[in-house]
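**Q** Before we start, here is the structure in question, set down as structure tokens.
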Amino acid sequence: MSVSDRFTSGTPIGPRVDRGAGALRVLSYWATVYRRTWRGSVVSGFGAPLLYLGSLGFGLGTLMPGGVAGVPYVLFVAPGVLTATAMQTAVGESTYPVMAAIKWQRQYHAMLASPVRITDIVLGHLLFILLRSAVVSGTFLLVGAALGAFRSPWVILALPVAVLSSAAHAAPVMAFSAHQEDDGGFNLLYRLGAIPMFLFAGTFFPISQLPVAAQWLARATPLWHATQVARDLALGHPDAGSAAAHLGYLLLWAVVGFAAAVHYFRRRLRT
Amino acid sequence: MSSTSTKGAPGTGAGAPARSAGRVRPEAKEDPDRPSPTPVLIRGRGLRKTFDDFTAVAGVDFDVHRGEAFGFLGPNGAGKSSTMRMIGCVSPVSAGKLSILGLDPRTDGPRIRARLGVVPQRDTLDEELTVRENLLIYARYFGIPRAVAAARAEELLRFAHLTERADSRVEPLSGGMKRRLTIARALVNEPDILLLDEPTTGLDPQARHMLWDRLFRLKRQGVTLVLTTHYMDEAEQLCDRLVVMDGGSIAAEGTPRQLIDRFSTREVLELRFAADDHSPYAAVVQDLADRVEVLPDRLLLYTDGGDEAAAAVHARGLTPLSALVRRSTLEDVFLRLTGRRLVD
């Protein structure tokens, strides 16, 4: 049969398109693209924990015979670097790739010509970012465990915490990216947001070392909350009550960020 | 740079052409010699698109029937692409009514888009992926099962003459190949309506003819084509019916033949003189044509009898460097309706 005779058949209008299905179609696009480059990302996924734990945990850590917060430094810093790396992945994946899909490669526009909706585009891309973050965090956990950087098997649960934390960072950053005219704002976001958060929100030292005002700033970041839960798990003294509060805060960032992302995506793409 | 002068009686009698180039609207909506009504797939009534303080589409009425090739013609900024984006359900309607396949884009965008094929002005291909992957990914957006998508991709690769490049990346392909891939991709959901926004802009002549040939086949197979273009040859080749847009409004509507009959004459006599300014000659030949237009390098005499007019010019002792008689084209209509000013 040629391309053809079907066109005259007057195909009936299809049923409503299921919302979840649209997001999975979008996720499947990003996963297809990722399949071309995943090997490189796995190599760097093993490299990062080796470098951080080697230099900080086992290098710098040996200069601190008393450890930090009552534990050897490597045990203190490993869960922090885990969540901080997940945050970096989330922010990285929700800036330039989002701008590219809006403006340079325009994949979002291709999706919008199909039954896929704006919410599907945001949700599908976000799910892919979480998948990326899960791969990075899972690799980190394997390497860290092999190096003896975690004390308790509870640390397994730090993986979903890191993924939720990635959602808390990626969703609002996606909204930010859709709001930017070009990539000029990303440098500002990294220098004023991601890097200071990486350095000061409890990854490398307890925030009690900071001036009081800075402590409150650190507590406001989603990363600090994720790190607290991950550290409690890794050190083997999880606390359900405080974990619920921390995770609730992360969820709030994720949900509000998602709503904002849908709003700004719609404004940007449906003109 | 140009001036238009009109003789008293309109030459063709097919409706009275207005004197000024610009808004010329046919008075009757229903054309008596239009074939019996086929189902209307797209209907616009008073359709408007406004951005903050800018009006891109200023209230247009049109019907697109099943199986026809319908064109939006107009200079840059006429509102063609904005109209197409509203039909494609990616741009919200600002005011007026738009119905596509009997559905309202405001509430049924995804269902309508499931039945459309869209060839956007700028390609949105994924250049990192292969030709085939582009088709398969796109099929997935429509929820087409993998096995069906794979079979269709083969078929469409053949249709677009891309089978040999199926597994090469898109990035190094020529502009014509990318365009054909974009069209193939737009057909992956077997759409009722194919929307083409300036399908051949930027392509070389071979690539354009190849593309027209593909579009012809689709049209013969009964696909409803809606396209925008500012190439008159493309419109004459492809469109059964078209509207000429200018400044966000529809200036004229009809078949290419009807538009030529209504807004131009059967033939055009082009006269070149050895002079920097051709306007003095216009006065001398004014009465030999329905309308005389002065261009920087030549005179255009709109007349039903080009050879007779040429003979009459020579009989008056004028000796043009060249005298060329040609048939009127859609381009003459287009320039008459939208003017010769430069739009950037």
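**Q** Consider residue A:83 carefully, then state whether it is β-branched (Val, Ile, Thr), out of contact with any strand residue (DSSP E or B) (no Cβ under 6 Å at 6 or more places or on another chain) and crowded, with 21+ Cβ neighbours inside 10 Å. Don't jump to the end; show me each part of the working.
**A** Details: β-branched (Val, Ile, Thr): yes; out of contact with any strand residue (DSSP E or B) (no Cβ under 6 Å at 6 or more places or on another chain): yes; crowded, with 21+ Cβ neighbours inside 10 Å: yes.
Answer is yes for this residue.
**Q** Tell me which of these residue B:192 doesn't satisfy, since it passes every other one: (1) facing chain A (nearest Cβ under 8 Å); (2) touching a Leu at 6+ places or on another chain (Cβ under 6 Å); (3) over 24 Å from residue A:102 (Cα atoms).
**A** Going through (1) facing chain A (nearest Cβ under 8 Å); (2) touching a Leu at 6+ places or on another chain (Cβ under 6 Å); (3) over 24 Å from residue A:102 (Cα atoms) one by one, residue B:192 breaks only (2).
**Q** Just one of the numbered conditions (1) in a loop (DSSP other than H, G, I, E, B); (2) surrounded by fewer than 17 Cβ atoms within 10 Å (Cβ to Cβ) is not true of residue B:206; which one?
**A** Of the numbered conditions (1) in a loop (DSSP other than H, G, I, E, B); (2) surrounded by fewer than 17 Cβ atoms within 10 Å (Cβ to Cβ), the odd one out for residue B:206 is (1).
**Q** Do you know which residues across segment A:210-254 are among the charged types (D, E, K, R) and surrounded by 18 or more Cβ atoms within 10 Å (Cβ to Cβ)?
**A** A:231, A:232
**Q** Give segment A:78-103 a look and list any residue that's among the small types (Gly, Ala, Ser), touching a residue at least 40 places away in the same chain (Cβ under 8 Å) and either assigned to a helix (DSSP H, G or I) or in contact with a Gly (Cβ under 9 Å, 6 or more places away or on another chain) (or both), or say none.
**A** Here is the first cut: in segment A:78-103, the ones among the small types (Gly, Ala, Ser) are A:78, A:80, A:84, A:86, A:90, A:92, A:94, A:100-101.
Now drop any that are not touching a residue at least 40 places away in the same chain (Cβ under 8 Å), which leaves A:78, A:80, A:84, A:86, A:90, A:94.
Those that are among the small types (Gly, Ala, Ser), touching a residue at least 40 places away in the same chain (Cβ under 8 Å) and either assigned to a helix (DSSP H, G or I) or in contact with a Gly (Cβ under 9 Å, 6 or more places away or on another chain) (or both): A:78, A:80, A:84, A:86, A:90.
**Q** On the given criteria, is residue A:38 within 24 Å of residue A:146 (Cβ to Cβ) and within 14 Å of chain B (Cβ to nearest Cβ)?
**A** When the stated conditions are applied, residue A:38 passes them.
Every residue, every condition in (1) of a type outside the set (Phe, Trp, Tyr); (2) in a helix (DSSP H, G or I); (3) buried (at least 21 other Cβ atoms within 10 Å of the Cβ); (4) at pLDDT 90 or above, yes or no:
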site: B:237; (1), (2), (3), (4): yes, yes, no, no
site: B:245; (1), (2), (3), (4): yes, no, yes, yes
site: B:250; (1), (2), (3), (4): yes, no, yes, yes
site: B:281; (1), (2), (3), (4): no, yes, no, no
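**Q** With respect to residue B:149, determine if the residue is facing chain A (nearest Cβ under 10 Å), under 30 Å from residue B:39 (Cα atoms) and at pLDDT 90 or above.
**A** No; evaluated as a whole, the condition is false for this residue.
**Q** Of the residues in segment B:292-311, how many are surrounded by 13 or more Cβ atoms within 10 Å (Cβ to Cβ), within 31 Å of the chain's Cα centre (by Cα) and within 15 Å of residue B:325 (Cα to Cα)?
**A** Looking only at that region, the number is 11.
**Q** Given the conditions (1) touching a Gly at 6+ places or on another chain (Cβ under 8 Å); (2) under 30 Å from residue B:178 (Cα atoms); (3) basic (Lys, Arg), report the number of the one that residue B:214 does not fulfil.
**A** (1)
**Q** Related question: Consider residue B:95 against the criteria (1) touching a Gly at 6+ places or on another chain (Cβ under 9 Å); (2) at pLDDT 95 or above; (3) small (Gly, Ala, Ser); (4) farther than 24 Å from residue B:57 by Cβ: it satisfies all of them except one. Which criterion is unmet?
**A** (4)
**Q** Another question, if that's okay. Find all pairs meeting these conditions: Cβ atoms under 9 angstrom apart; at least six residues apart or on different chains; first residue within segment A:63-77 and part of a loop (DSSP other than H, G, I, E, B); second residue among the basic types (Lys, Arg).
**A** Cβ pairs passing all conditions: A:69/A:231.
**Q** Related question: Hey, can you tell me all the residues within segment B:102-137 that are facing chain A (nearest Cβ under 7 Å), hydrophobic (A, V, I, L, M, F, W, C) and within 22 Å of the chain's Cα centre (by Cα)?
**A** B:118, the sole residue that qualifies.
**Q** Take residue B:286 and tell me if it is touching a residue at least 60 places away in the same chain (Cβ under 8 Å) and either under 18 Å from the mean Cα position of the chain (by Cα) or surrounded by 20 or more Cβ atoms within 10 Å (Cβ to Cβ) (or both).
**A** Against the criterion (touching a residue at least 60 places away in the same chain (Cβ under 8 Å) and either under 18 Å from the mean Cα position of the chain (by Cα) or surrounded by 20 or more Cβ atoms within 10 Å (Cβ to Cβ) (or both)), residue B:286 does not qualify.
This table checks each residue for (1) within 19 Å of the chain's Cα centre (by Cα); (2) modelled with pLDDT of 95 or more; (3) surrounded by 23 or more Cβ atoms within 10 Å (Cβ to Cβ).
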| position | (1), (2), (3) |
| --- | --- |
| A:149 | no, no, yes |
| A:171 | yes, yes, yes |
| A:177 | yes, yes, yes |
| A:182 | no, no, no |
| A:208 | no, no, no |
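**Q** Another one. Restricting to segment A:1-18, and then to whatever is closer than 18 Å to residue B:144 by Cβ and more than 7 Å from chain B (Cβ to nearest Cβ), can you tell me which residue is modelled with the highest pLDDT?
**A** Here the residue is A:18.
**Q** Within segment B:168-176, does at least one residue satisfy the condition of being within 19 Å of residue B:217 (Cβ to Cβ) and away from every other protein chain (no Cβ under 11 Å)? Before the answer, list the steps.
**A** Applying the first criterion (within 19 Å of residue B:217 (Cβ to Cβ)) to segment B:168-176 yields B:176.
Retained after the next criterion (residues that are away from every other protein chain (no Cβ under 11 Å)): B:176.
Yes, because at least one residue in segment B:168-176 is within 19 Å of residue B:217 (Cβ to Cβ) and away from every other protein chain (no Cβ under 11 Å).
**Q** If you scan segment B:83-119, which residues turn out to be in a strand (DSSP E or B) and either in contact (Cβ under 8 Å) with a residue 24 or more places away in the chain or of a type in the set (Val, Ile, Thr) (or both)?
**A** Passing the criteria: B:95, B:96, B:97, B:98, B:99, B:100, B:116, B:117, B:118, B:119.
**Q** Is there a residue in segment B:58-81 that is within 20 Å of the chain's Cα centre (by Cα), in contact (Cβ under 8 Å) with a residue 12 or more places away in the chain and in a helix (DSSP H, G or I)? Working first, answer last.
**A** Here is the first cut: in segment B:58-81, the ones within 20 Å of the chain's Cα centre (by Cα) are B:58-81.
From what's left, in contact (Cβ under 8 Å) with a residue 12 or more places away in the chain: B:58-81.
If we keep only those that are in a helix (DSSP H, G or I) as well, we get B:80-81.
Checked against the condition, which is being within 20 Å of the chain's Cα centre (by Cα), in contact (Cβ under 8 Å) with a residue 12 or more places away in the chain and in a helix (DSSP H, G or I), segment B:58-81 yields at least one hit.
**Q** Can you find a residue that is out of contact with any His (no Cβ under 8 Å at 6 or more places or on another chain), surrounded by fewer than 20 Cβ atoms within 10 Å (Cβ to Cβ), over 19 Å from residue B:74 (Cβ atoms) and away from chain A (no Cβ under 14 Å) anywhere in segment B:209-225?
**A** There is at least one residue in segment B:209-225 that is out of contact with any His (no Cβ under 8 Å at 6 or more places or on another chain), surrounded by fewer than 20 Cβ atoms within 10 Å (Cβ to Cβ), over 19 Å from residue B:74 (Cβ atoms) and away from chain A (no Cβ under 14 Å).
For every residue, the table says whether it meets (1) surrounded by 13 or more Cβ atoms within 10 Å (Cβ to Cβ); (2) over 18 Å from residue A:146 (Cβ atoms).
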residue: A:26; (1), (2): yes, yes
residue: A:44; (1), (2): no, no
residue: A:48; (1), (2): yes, no
residue: A:55; (1), (2): no, no
residue: A:61; (1), (2): yes, no
residue: A:64; (1), (2): no, yes
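**Q** While we're here: Considering each of B:63, B:108, B:52, B:123 in turn, give the residue that is within 25 Å of residue B:252 (Cα to Cα) and not aliphatic (A, V, I, L, M).
**A** On inspection, the qualifying residue turns out to be B:63.
**Q** Among B:287, B:297, B:246, which is the only one that is among the charged types (D, E, K, R), more than 14 Å from chain A (Cβ to nearest Cβ) and within 29 Å of residue B:59 (Cβ to Cβ)?
**A** Working: B:287 fails: within 29 Å of residue B:59 (Cβ to Cβ); B:297 fails: within 29 Å of residue B:59 (Cβ to Cβ).
Just one listed residue meets the conditions, B:246.
**Q** Only one of (1) at pLDDT below 95; (2) under 17 Å from residue A:271 (Cα atoms); (3) more than 7 Å from chain A (Cβ to nearest Cβ) is not met by residue B:158, so which one is it?
**A** (2)
**Q** Are there any pairs, at least 6 apart or on different chains, whose C-beta atoms fall under 9 Å, with the first in segment A:104-128 and under 24 Å from residue A:164 (Cα atoms) and more than 7 Å from chain B (Cβ to nearest Cβ) and the second hydroxyl-bearing (Ser, Thr, Tyr) and assigned to a loop (DSSP other than H, G, I, E, B), and if so, which?
**A** As it stands, the answer is A:125/A:94; A:126/A:94, since those pairs meet every condition given.
**Q** Going residue by residue through segment B:134-144, is there one that turns out to be surrounded by 19 or more Cβ atoms within 10 Å (Cβ to Cβ), within 22 Å of residue A:23 (Cβ to Cβ) and among the basic types (Lys, Arg)?
**A** Among the residues of segment B:134-144, at least one is surrounded by 19 or more Cβ atoms within 10 Å (Cβ to Cβ), within 22 Å of residue A:23 (Cβ to Cβ) and among the basic types (Lys, Arg), which makes the answer yes.
**Q** If you take the residues in segment B:86-100 that are surrounded by fewer than 23 Cβ atoms within 10 Å (Cβ to Cβ) and within 9 Å of another protein chain (Cβ to nearest Cβ), which one is nearest to residue A:108 (Cα to Cα)?
**A** Among those residues, the one meeting the criterion is B:90.
The values are calculated or read from the model by the stated rules, or taken from the named source; none is laboratory data. All figures in this text were calculated on a predicted structure; none of them were measured in a lab. In this analysis, Cβ positions are derived from the backbone assuming ideal geometry, glycine residues included, and neighbour counts consider all displayed protein chains.
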